[in-house]
1. What are the residue pairs meeting all of these: first residue in the range 225-239, first residue under 20 Å from H44 (Cα atoms), second residue among the aromatic types (F, W, Y), Cβ atoms under 8 Å, and 6 or more apart or on different chains?
2. Pick from V219, V181: which is open to solvent by less than 30 Å² (accessible area, probe 1.4 Å), touching a helix residue (DSSP H, G or I) at 6+ places or on another chain (Cβ under 9 Å) and more than 26 Å from D232 (Cβ to Cβ)?
3. Would you call T116 in contact (Cβ under 8 Å) with a residue 12 or more places away in the chain, open to solvent by 50 Å² or more (accessible area, probe 1.4 Å), among the hydroxyl-bearing types (S, T, Y) and within 30 Å of W229 (Cβ to Cβ)?
4. Using the structure shown, decide if M139 is assigned to a helix (DSSP H, G or I) and either among the aromatic types (F, W, Y) or surrounded by 20 or more Cβ atoms within 10 Å (Cβ to Cβ) (or both).
5. Could you list, in sequence order, the residues of the range 100-113 that are assigned to a helix (DSSP H, G or I), among the hydroxyl-bearing types (S, T, Y) and open to solvent by less than 50 Å² (accessible area, probe 1.4 Å)?
6. Hey, among the residues in the range 55-92 that are small (G, A, S) and buried (at least 19 other Cβ atoms within 10 Å of the Cβ), which one's farthest from the chain's Cα centre (by Cα)?
7. Which condition breaks for E235 when tested against (1) open to solvent by 50 Å² or more (accessible area, probe 1.4 Å); (2) within 17 Å of Y140 (Cβ to Cβ)?
Amino acid sequence: MQTSPRRSVRRAAVALASVALTASTLTGCGVFGSPDLVIYNAQHEQLLDELVPKFEEETGLDVELRNGKDLEMANQIVEEGKDSPADVFLTENSPAMSIVDNAGLFSELPESATATIPDQYVPSDRRWTGFLARSTVVMYNDSLNEADMPASILDFAEPEWKGRVAFSPTGADFQAIVSAVLALEGEQATADWLAGLKANGVIVQNNLVVMQSVDSGEVDAGIAYSYYWYRDRAENGSDSDSSQLYFFGNQDPG
């Protein structure tokens, strides 16, 4: 891979691991006060605010962190094209990653960048990789038990769950869940599922409200990401003390 005098990695992939691969070649190569590494970050700012100083201390690199929303930053990179100052793009969700990948703006990762990443999280073309894991889960309250959980996340679109299951369709998190359904079940099944959720589910503002609605008993269950529940439990449990998590298995889209 050809490099510019300023950087060794011009179009790195979706992984903090890909930042680490630059350590041996970029140390001290900032030009006239410019950063050694520019990260476009659509991950949680708090997470990167903790990780980046540790990375800088370990590598001696000066990192500039630019924060924004998933699709906003993906489209900015595409608009900037090969002149983008971004060396690394960190995103929470696959739709934003795919926008940049489809534009041909990622470079192939070397083996060293993914040495600690399980193979199932590294695509065959090696143009991006996962570096943090989370799961779609069902949060359910004391009105239910694990035996009451459906066999698939698709079953929440059925009339028997009318008014009983909460979800938040407006964020990028839900787009990633829909992408999983689309990839595994196909377009028609995805359309039917979304229509059923719209008819029978309870739409709320975000994943935090999903958890709160389940815990308070406003709904019996909710579709969200796992870390909201674990974070609340670690803090005080005020929004999760009356609920449990259910993880779908058997390669279900959930």
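The values are calculated or read from the model by the stated rules, or taken from the named source; none is laboratory data. No experiment lies behind these values; they were computed from the predicted model shown. We place every Cβ from the backbone using ideal geometry, glycine too, and count neighbours over all the protein chains shown. These area figures cover heavy atoms from the full protein model, side chains too; ligands, DNA and RNA do not enter into them. Shrake-Rupley method; radii C 1.70, N 1.55, O 1.52, S 1.80 Å.
1. S226/F247
2. None of the others qualify; the one that does is V181.
3. So T116 fits the description; yes.
4. Spelling it out, it is not the case that M139 is assigned to a helix (DSSP H, G or I) and either among the aromatic types (F, W, Y) or surrounded by 20 or more Cβ atoms within 10 Å (Cβ to Cβ) (or both).
5. Hits for the range 100-113: nothing passes.
6. So, considering only residues that are small (G, A, S) and buried (at least 19 other Cβ atoms within 10 Å of the Cβ), the one farthest from the chain's Cα centre (by Cα) is A86.
7. Here E235 clears every test but (2).
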